[in-house]
Amino acid sequence: MHLTQFPDEHGRFGTYGGVFVAETLMAALEELQQEYERARKDPGFMQEFHHELRHYVGRPSPVYHARRWSAQLGGAQIYLKREDLNHTGAHKINNTIGQALLARRMGKKRVIAETGAGQHGVATATVAARFGMSCVVYMGAEDVARQSPNVYRMKLLGATVVPVSSGSRTLKDALNEAMRDWVTNVASTFYILGTAAGPHPYPMLVRDFQSVIGEECLTQMPELVGRQPDAIIACVGGGSNAIGIFYPYIPHTDVRLIGVEAGGEGLDTGRHAAPLSAGTPGILHGFRSYLMQDENGQVIETHSVSAGLDYPGVGPEHAWLKDTGRAEYVSVTDDEALRAFHDLCRYEGIIPALESSHALAYAAKLAPTLPREKILLVNLSGRGDKDINTVAHLAGITL
Amino acid sequence: MSRLKQTFANLKQRARVALVTYITAGDPDPQITVPLMHRLVESGADILELGVPFSDPMADGPAIQRATERALSHGVSLRNVLDMVSEFRRQDADTPVVLMGYANPVERMGYKTFAEAAAQAGVDGVLMVDVPPEEAPSAIFVAQGLDQIFLLSPTTTGQRMQLIAQHASGFVYYVSLKGVTGATSLDPEEVGARLPAIRQLCQLPVGVGFGIRDGESARRIGQFADAVVIGSRIIEAIEQAPRDRILDDVGQLVGTIRQAMDRSPDKAA
């Protein structure tokens, strides 16, 4: 079985993935899987999906040569896939459009979502408004505090934002609470999961909807530079923007695929969010993958300056790509990500999301080690307007 | 014969509905768990469910989430829980003990290591809430004589019920509502209407839980079910009682529920 043909019929990527949920959700997941199988073979559905991406999201997103920054770094040329230019400012909307169309097909009038940085919450609230559905977004209480502009955006769009105060009060706890809501309201409600994780079929369908990113690059790079890049670099929290740009490139084995995890204060401090780099396989939120856990199987608290990467698990397909060696996974620290954030602001006039700044930071490490004719393609998965409070706070400035 | 099978056979002879009580191991502290287990049995519990604390209890409502956090604040691990069962077994050789929890602590220990240690400790059954039969390590548990308990829900299709019946032993646990543990929207009539279809596809005793809060709802559910499971209400009694009153208060609550259930008209044996 070729790497691109996963998951198998049990929702597995090798030993990863699967369906680890309470019985109450099993029927809903089977229904979703069957409906998705029908939808992906329905030309009308895919046509409408791509129509929405073009006219509502503003796709295709451009690929931009970061000339000044590349020159400054003095090595390989860095190109940016501009997902930050999408409607709502991140790649998340690709997936929420797809899932909202599925929800409508299934006659569901209420959608729920979990969110970390708030980008997926905003993208869900946006499509709920666009398609006339009611929307509840679960968000860790700590994230509500550090991402207040996005909280207000969701409210403007008509969503109800529920702060979650259990556990570590971040993305993983928001996911727990969204699951509890779904169990309770499973008949009326569609759960729009925001990353390529969760029980099957979510990792597959989120990947498929996000793959538009990599598909566009496959044609854009030859148009721009006459060939495919030498490496693709993307940040990995749950892993949706990374799998979206990686997946179409899996068969292009001469293109390195590099996922960048949140190294927080450093892997050796234990205060990070890098399960692929420093975790072990485990089961959380409905799937088996690498996980940040202690020796008793309790999930441990993660840390990252970026709320969107502050998650102890990672999508199962990334675990599989790591074990098979098709992709490499590295980490950068909060400080390195912040440096890249500022550099992109000053050299290119682009304010990147703190999540995407992790991918940028690794590109900034790698580029000077390579000759000038090498090409690195970085997925600039979101814009950083939402992060200006965090960055200002770290600089000791109150806005 | 497994303790669960034996217990249900004995109860059937006495035309008595099983009372299954849930507590989280280590809540509010590890020292109280074994004495509390004994008190539950003295007060009328027939089967003990012991919750294994997990950091992310996705299928549980606020009461069991809080119990879990209290237990985890003492660092209670799966190994500690097995030790508690061993200690309980020194004085009680008959009452079945079912561990209830989530997959990851077991996954981390390793299914085979866990199954051997659990059987050794005197555990009778295991219910991993987030492990449906498709993912269950059935052969490993069967080899150690552990019963595998699975949930059935109002959303479970007939086809899935058959699959679950193939993997389950001991009893099956019908979740009486869509939702998390401790919810309050239980409708006994609806439960009663569902049970014949379940019994047609599954010969095992049927326990009913999620949303049973008092003697009256336990009595009404007991008219249809072979076992009634009470959890969140006990957890609430634990958290409301001063530390030195926990055993008495919980004992009294369970005793009251037992009495209410026993007032129920005898089921045809």
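The values are calculated or read from the model by the stated rules, or taken from the named source; none is laboratory data. From a predicted model like this one, the values you see are computed outputs, not experimental measurements. No Cβ is skipped: glycine too gets one built from the backbone with ideal geometry, and neighbour counts run over all protein chains shown.
Could you tell me how many of the residues in region A:17-27 are assigned to a helix (DSSP H, G or I), facing another protein chain (nearest Cβ under 7 Å) and among the hydrophobic types (A, V, I, L, M, F, W, C)? Step through it out loud before you land on a result.
Initially, region A:17-27 is screened for residues assigned to a helix (DSSP H, G or I), giving A:23-27.
Applying the additional criterion that residues be facing another protein chain (nearest Cβ under 7 Å) yields A:23-24, A:26-27.
Filter once more, so that each one left must be among the hydrophobic types (A, V, I, L, M, F, W, C): A:26-27.
Qualifying residue count for the region: 2.
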### Query
Of all the residues that make up region B:123-171, how many are aromatic (Phe, Trp, Tyr) and in contact (Cβ under 8 Å) with a residue 40 or more places away in the chain?
1
### Task
Could you look through region A:28-60, keep only residues that are within 14 Å of chain B (Cβ to nearest Cβ) and closer than 24 Å to A:ALA128 by Cβ, and pick out the one that is surrounded by the fewest Cβ atoms within 10 Å (Cβ to Cβ)?
A:GLN34
### Message
Being within 14 Å of another protein chain (Cβ to nearest Cβ), crowded, with 24+ Cβ neighbours inside 10 Å, in contact (Cβ under 8 Å) with a residue 24 or more places away in the chain and out of contact with any Cys (no Cβ under 8 Å at 6 or more places or on another chain): is that true of A:HIS285 here?
### Response
yes
### Message
For B:LEU152, only one of the following conditions fails: (1) hydrophobic (A, V, I, L, M, F, W, C); (2) modelled with pLDDT under 90; (3) within 21 Å of A:ASP181 (Cα to Cα). What is its number?
### Response
(2)
#### Entry: Subset of region A:320-362 that is more than 18 Å from the chain's Cα centre (by Cα) and small (Gly, Ala, Ser) - its residue that is surrounded by the most Cβ atoms within 10 Å (Cβ to Cβ)
A:ALA340
#### Entry: Qualifying residue in region A:293-301 (condition: part of a helix (DSSP H, G or I) and within 20 Å of the chain's Cα centre (by Cα))
no
### Query
Restricting region A:218-249 to residues that are β-branched (Val, Ile, Thr) and out of contact with any Lys or Arg (no Cβ under 6 Å at 6 or more places or on another chain), which is nearest to A:ARG67 (Cα to Cα)?
A:VAL225
### Message
Take the residues in region A:229-266 that are assigned to a helix (DSSP H, G or I) and closer than 18 Å to A:LEU354 by Cα; name whichever of them is nearest to the other protein chains (Cβ to nearest Cβ).
### Response
A:SER240
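Among the residues of region B:36-64, write down those that are within 13 Å of another protein chain (Cβ to nearest Cβ) and either of a type in the set (Asp, Glu) or surrounded by fewer than 23 Cβ atoms within 10 Å (Cβ to Cβ) (or both). Outline the logic, then answer.
As a first pass, look at region B:36-64 and keep what is within 13 Å of another protein chain (Cβ to nearest Cβ): B:52-64.
Correct list: B:ASP56, B:ASP60, B:GLY61, B:PRO62, B:ALA63.
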### Message
Looking at B:GLY75 and the list (1) at negative phi; (2) surrounded by fewer than 24 Cβ atoms within 10 Å (Cβ to Cβ); (3) within 14 Å of chain A (Cβ to nearest Cβ), which single condition is not satisfied?
### Response
(1)
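State which residue is modelled with the lowest pLDDT when the search covers only region B:161-217 and only residues that are in a strand (DSSP E or B) and among the small types (Gly, Ala, Ser). I'd like the intermediate steps shown before the answer.
We begin by selecting, within region B:161-217, every residue in a strand (DSSP E or B); these are B:172-175, B:206-209.
Keeping just the survivors that are among the small types (Gly, Ala, Ser) gives B:207, B:209.
Numbers: B:GLY207: 96, B:GLY209: 89.
Per the criteria, the residue is B:GLY209.
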### Subset of region A:25-59 [in contact (Cβ under 8 Å) with a residue 12 or more places away in the chain, of a type in the set (D, E, K, R) and within 30 Å of B:VAL175 (Cα to Cα)]
A:GLU31, A:GLU35
### Query
How about region B:150-163: which of its residues are at the interface with chain A (Cβ under 8 Å from one of its Cβ atoms) and within 12 Å of B:PRO133 (Cα to Cα)?
B:PHE150, B:LEU151, B:LEU152, B:ARG160
### Query
Going through region A:165-204 one residue at a time, which ones are at pLDDT 95 or above, surrounded by fewer than 24 Cβ atoms within 10 Å (Cβ to Cβ) and part of a helix (DSSP H, G or I)?
A:MET204
### Task
Of the numbered conditions (1) modelled with pLDDT of 95 or more; (2) surrounded by fewer than 17 Cβ atoms within 10 Å (Cβ to Cβ), B:LYS267 fails exactly one; give the number of that condition.
(1)
### Query
Residues B:THR21, B:THR33, B:THR68, B:THR7: which one is away from every other protein chain (no Cβ under 14 Å) and free of Cβ contacts under 8 Å to residues at least 60 places away in the same chain?
B:THR33
## Note on the structure
When B:PRO96 is run through (1) within 30 Å of B:LYS178 (Cβ to Cβ); (2) buried (at least 19 other Cβ atoms within 10 Å of the Cβ); (3) away from every other protein chain (no Cβ under 14 Å); (4) without any contact (Cβ under 8 Å) to a residue 40 or more places away in the chain, the failure sits at (4)
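Name the residues in region A:323-354 that are assigned to a helix (DSSP H, G or I) and closer than 13 Å to A:ALA274 by Cα, would you?
Restricting attention to region A:323-354, the residues satisfying the condition of being assigned to a helix (DSSP H, G or I) are A:323-324, A:334-348, A:354.
The answer is A:ASP334, and nothing else.
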### Any pair with Cβ under 8 angstrom, 6 or more apart, that starts in region A:192-212 at a residue that is more than 19 Å from A:ARG105 (Cβ to Cβ) and ends at one that is in a helix (DSSP H, G or I) and of a type in the set (Lys, Arg)
A:GLY194/A:LYS92; A:ALA196/A:ARG207
### Message
Scan region A:66-87 and tell me whether some residue there is of a type outside the set (Val, Ile, Thr), more than 30 Å from A:THR369 (Cβ to Cβ), at pLDDT below 95 and touching a strand residue (DSSP E or B) at 6+ places or on another chain (Cβ under 9 Å).
### Response
no
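Inspect all residues belonging to region A:171-189 and state whether any of them is closer than 30 Å to B:ARG66 by Cα and more than 12 Å from chain B (Cβ to nearest Cβ).
No, region A:171-189 contains no residue that is closer than 30 Å to B:ARG66 by Cα and more than 12 Å from chain B (Cβ to nearest Cβ).
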